[in-house]
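Quick note: the coordinates plus some simple rules give every number you see, no bench work behind them. Fair warning: this is a prediction, and the values are worked out from it, not measured in the lab. Quick reminder, even Gly has a Cβ in these numbers, built from the backbone with ideal geometry, and neighbours come from all protein chains shown.
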Amino acid sequence: MKQVILPLTTYNKKISAITASATLTRKVTTSAGANTVTLPSAKGKKKEFTVISTSNTAIFAVVSPDTFVGLTTVGVSTSGTCRAIGGVWYRTAT
């Protein structure tokens, strides 16, 4: 019997790019410029977001009444991952 090899799952429609301050909607976002990226409500369906800063520092912000724990900035040419637990966003990786 011939073995079936399935293709790897792609990030199709999961990556977005922003050039101005915005609320995150995609799992992976690239940020060009000094932007404030706002995390949506921690009680929503999406619980994890990654921001990759390509040319300037990006700053995380949260909607009220959520809180944020961890480093709020993503430096140049680095990434930051945030996860939501309850009503709190945690910076889990740099």
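Once you have the Cα-Cα distance between residue 63 and residue 41, take 0.36 nm times their residue separation minus that, and quote the gain in nm to one decimal.
7.3 nm
Return the distance in nm (one decimal) between the two label points of a simple spin-label model at residue 73 and residue 90, each offset 7 Å from Cα along Cα→Cβ.
For residue 73 paired with residue 90, the spin-label model returns 2.4 nm.
May I ask for the equivalent-ellipsoid semi-axes of the chain, computed as the square root of five times each C-alpha gyration tensor eigenvalue and listed largest first in whole Å?
Details: eigenvalues 140, 62, 27 Å².
Equivalent ellipsoid semi-axes, largest first: 26, 18, 12 Å.
Local charge sum around residue 84 (other residues, Cβ-Cβ under 12 Å, Lys/Arg +1, Asp/Glu -1)? Show your work: numbers first, answer last.
On the way: positive: 43, 45, 46, 47, 83, 91; negative: 48, 66.
Net charge in that neighbourhood comes out at +4.
Suppose a student asked you for the relative contact order of the chain, using Cα pairs under 8 Å spaced at least 6 residues apart; what percent would you report?
22 percent
Taking the alpha-carbon distance from residue 14 and a cut-off under 16 Å, which lysines remain once sequence neighbours fewer than 8 residues away in the same chain are dropped?
Qualifying lysines at Cα under 16 Å: 27, 45, 46, 47.
What ranking do 72-79, 30-37, 61-68 get when scored by the average of other Cβ atoms within 10 Å per residue, highest first?
Per-residue mean Cβ counts within 10 Å order the peptides as 30-37, 72-79, 61-68.
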